[in-house]
Amino acid sequence: MKSAVYIGIDVSQEYVDVVVSGKRSAMRVAADGGALEALGQQLMELGPKLVLMEASGGFERLPLTVLQTAGLPVAVVNPRQVRDFARSLGYLAKTDAIDA
């Protein structure tokens with residue numbers, strides 16, 4: 001049985017870091033319309049159960065809109081809760097890839 005795919009996205013003004021469950025590396029994509037549309041198509045091919053991204057002072061609005069328009073199930077979560085979850089798993093460092 002194929003396991004569910006989950007995607008985490010850390011958003012900043014200039015780029016987004018994307019991590020797919022089961023993969024160890026993060027992908028960095030420019031936070032502009034064209035790059036995000038291409039990302040949306042790539043992620044659709046993976047058929048994710050859920051895409052999570054942190055609220056980021058409004059910078060999450062464009063990625064959220066583009067990915068929802070592509071038909072992806074996207075949720076925006078509180079950054080403090082993401083950080084607390086990472087700590088509970090033993091990740092003490094603070095990096096964009098860990099946040100994703």
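Here are the numbers for this structure:
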quantity: Candidate set from region 48-57 (those that are surrounded by fewer than 16 Cβ atoms within 10 Å (Cβ to Cβ) and at pLDDT 95 or above); member that is farthest from Ala86 (Cα to Cα); calculated: Lys49
quantity: Tally, over region 58-93, of residues that are of a type in the set (Asp, Glu) and crowded, with 17+ Cβ neighbours inside 10 Å; calculated: 1
quantity: Top-ranked residue of region 1-24 - restricted to ones that are within 20 Å of Thr65 (Cα to Cα) and touching a Pro at 6+ places or on another chain (Cβ under 7 Å), ranked as surrounded by the fewest Cβ atoms within 10 Å (Cβ to Cβ); calculated: Tyr6
quantity: Flag if Val29 is surrounded by 13 or more Cβ atoms within 10 Å (Cβ to Cβ) and over 10 Å from the mean Cα position of the chain (by Cα); calculated: yes
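The values are calculated or read from the model by the stated rules, or taken from the named source; none is laboratory data. Computed from a predicted structure; not experimentally measured. Counting neighbours? That spans all protein chains shown, and the Cβs are built from the backbone with ideal geometry, glycine included.
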